[in-house]
Amino acid sequence: MRALPVLKVRAASRRSAAEDQVLVMKRCVTSGCMDRPGVYRMLSRDGEVLYVGKSKRVRSRLLSYFRCAFPADKGARLLREAHQIEWEYVPSEFAALLRELRLIKTLRPRFNVALKRDARHFAFIKVTAGPASKLLVVRGASDDTAAVYYGPFFGAQQLEEAVRELSDVLGLRDCALTTHMHFADQQELFQLYPRTPGCIRHEIHKCLGPCVGGCSVTQYTERVALAKAFLDGSNDGPIAILRARMVESSEHLEFERAGILRDKVQRLESLRTQFLRFRFAVESLSFIYAVPGHDGDDRVYFIRRGRVRAEQPAPRSAHARAEVNALAEEIFGSGERSGAQVPTHEIDELLLTTSWFRRFPDELGRTSEFSPRGAPPKTRI
Ligand code: SF4
């Protein structure tokens, strides 16, 4: 019974130490932080970066954490764990977004959880890695760098339907990634896993059945290659297959089936149109972007296929302009694969630039295309 007051005292002293530290951090922000674009980090007592954030007005943003009314608020929880706040200034809001994204990708702070900012607007088609790839609709890149992504697309639900159609036509699997595959040409000396019984999709000819020896590795891989070519816009094979089946059904007077196949063709055609539109969108995100910065710290960004390849201070002399031209020649003059495929490491940055110019279309007025023939780029600061 006597232990109770002692425990209370200990709890109270712990609380007060944490509160003291919050006051120290607040004083630090109040006395040293300016209201200009910046990126901040919250660190734990042992130096772990807990959270990375950005703001057009970093001082106001940081002070807002100290006004969190409820202990369950994310801001209040962060402050309870944080021991130190660091910040750095950047020239503009665009620079802050970019710096924040890159820091989160490098440091992976646990309070940032995931880069969800633009996930609600865009979706990607992911071709999974592994022995029997499948097509998935996802909201952003995962850690699986071996996977291939296509996108971004608007309208995840429509995209799900179109992807299901594409998988059905080509006989690609749609089961759990943990399902064990057993290809027809796969020799098994020791059966390590119980055989999967397959599923109804194989019976109704919507899956080649790589799990039940329904196809060889080569046959399945060819279908995956066909799907990728369709997603890249270089092959209409899946539509041709459906059209042939539709004609066959009509000739056999199976008009109901022919009608269903016609609808499928239309859905795939709409998917192909989306791919074409997407390709234009990504290609069109290739330019030099001039951004006025805080206190005259203007910058030029070299953006190719939606990714910021380089950044330079805005040129203010003939020599600096020549340097910018040389860098632009290097970045835009070299050949690069086109198509709808997006490398995993580029997805978040592509989402950032797509979302930025969608939110602020007037910013496109600050961009200028680079002429590969060597004409000087026109910056508009
Ligand atoms: S048949 Fe096998 S591989 Fe195909 S979807 Fe069904 S469980 Fe997956």
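The values are calculated or read from the model by the stated rules, or taken from the named source; none is laboratory data. Computed from a predicted model, the values in this text were never measured in an experiment. A quick note on method: Cβ atoms are made from the backbone with ideal geometry, for glycine too, and the neighbour counts reach across all protein chains shown.
Results, tabulated for the structure shown:
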item	result
Extreme residue, modelled with the lowest pLDDT, among residues of region 178-187 that are of a type outside the set (Val, Ile, Thr) and more than 10 Å from the ligand (Cβ to nearest atom)	Gln187
Flag for Arg164 being at pLDDT 80 or above and surrounded by fewer than 18 Cβ atoms within 10 Å (Cβ to Cβ)	yes
Which numbered condition Asn235 fails, given (1) within 20 Å of Leu271 (Cβ to Cβ); (2) modelled with pLDDT of 90 or more	(2)
Residues satisfying the stated conditions in region 239-256, i.e. charged (D, E, K, R) and more than 27 Å from Ala229 (Cβ to Cβ)	Glu251, Glu254, Glu256
Selection status of Lys54, touching a residue at least 12 places away in the same chain (Cβ under 8 Å), of a type in the set (D, E, K, R) and buried (at least 20 other Cβ atoms within 10 Å of the Cβ)	yes
Members of region 278-299 that are in contact with a Ser or Thr (Cβ under 6 Å, 6 or more places away or on another chain) and more than 18 Å from Gln341 (Cβ to Cβ)	Phe287, Ile288, Tyr289, Ala290, Val291, Gly293
Single residue of region 255-268 satisfying the filter (charged (D, E, K, R) and modelled with pLDDT of 90 or more) that is surrounded by the most Cβ atoms within 10 Å (Cβ to Cβ)	Arg262
Wholly enclosed strands (runs of 3 or more DSSP E) of region 269-381 bearing at least 3 residues over 30 Å from Asp35 (Cα atoms) and modelled with pLDDT under 90	none
Counted residues, region 14-46 - those being surrounded by 16 or more Cβ atoms within 10 Å (Cβ to Cβ) and among the charged types (D, E, K, R)	3
Selection status of Glu283, in contact (Cβ under 8 Å) with a residue 24 or more places away in the chain and more than 30 Å from Ala184 (Cβ to Cβ)	yes
Yes/no for Gly209 being of a type in the set (Gly, Ala, Ser), within 13 Å of the ligand (Cβ to nearest atom), modelled with pLDDT of 90 or more and part of a loop (DSSP other than H, G, I, E, B)	yes
Residue match in region 188-204 (condition: at positive phi and at pLDDT below 90)	yes
